[in-house]
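Structure first, then comments.
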Amino acid sequence: MSWRTRENDDFNEHRPSIDARVTRRFSTLPKRVFDAWLDSRIAGKWLFATAKGQIVCVEIDARAGGWFYIVERRDGENVEHIGEYLEIVRPRRLVFTLSVEKCSLDFERVTVVFDPHGTGCELSLTHKTKPELARQVSHGWIRMLEGLATVLGEDSCVAPPRQIAAPRRDHELRRHALPVQLKP
């Protein structure tokens, strides 16, 4: 099942966006941190979970072209998180689209990179979003990565997440890009 269309991608790419970036170190091996994103039993404990809500549904089809559907019950309402996996390179890189219908009907792109770091790894997350949502998105991911650390049995004081400002907007990047010819 596919939750996005090429038309939606083309439409969203022309809107102003910014990269919200968060980085966090884990003492856990990259493959264990990576797998926590795709295993529904583990992801249901932290991914899109908030302190005020309860995850009530987790469906993950962990393959490129597969999708995820995670529902959290918050304040008596269901908050649906829907996306499609665009790239899965275990245990190095995960790219997916994400839409939270309660916030927006747009699909945004999230890229997660897992770099080995000593006996653990450094996770770098980039979420392409609307400029006015960048701070909220970054803070949400910081909280979720703290939840992931807890699920993995890590002390959250040892490896705090960092928010990295990224003031690049798509229209600024296009100005410096080489022209691309599309084949019919």
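The values are calculated or read from the model by the stated rules, or taken from the named source; none is laboratory data. Note that the structure is predicted; figures quoted are calculated from it, not measured. Every residue, glycine among them, receives a Cβ derived from its backbone with ideal geometry; neighbour counts consider all protein chains shown.
Worth pointing out:
- Scanning the range 18-34 for residues that are assigned to a loop (DSSP other than H, G, I, E, B) and under 15 Å from the mean Cα position of the chain (by Cα) yields a count of 0.
- One residue stands out among those in the range 17-27 that are modelled with pLDDT of 95 or more and among the polar types (S, T, N, Q): the one that is nearest to His139 (Cα to Cα), which is Thr23.
- Only listed residue being closer than 23 Å to Asp19 by Cβ, modelled with pLDDT of 95 or more and outside any strand (DSSP E or B), chosen from Ser124, Ser138: Ser138
- Answer from Glu72, Glu154, Glu101, Glu172 - the residue that is of a type in the set (Asp, Glu) and either under 14 Å from the mean Cα position of the chain (by Cα) or modelled with pLDDT of 95 or more (or both): Glu72
- Among the residues making up the range 35-80, those that are touching a helix residue (DSSP H, G or I) at 6+ places or on another chain (Cβ under 9 Å), in a strand (DSSP E or B) and either hydroxyl-bearing (Ser, Thr, Tyr) or in contact (Cβ under 8 Å) with a residue 24 or more places away in the chain (or both) are Phe68, Ile70.
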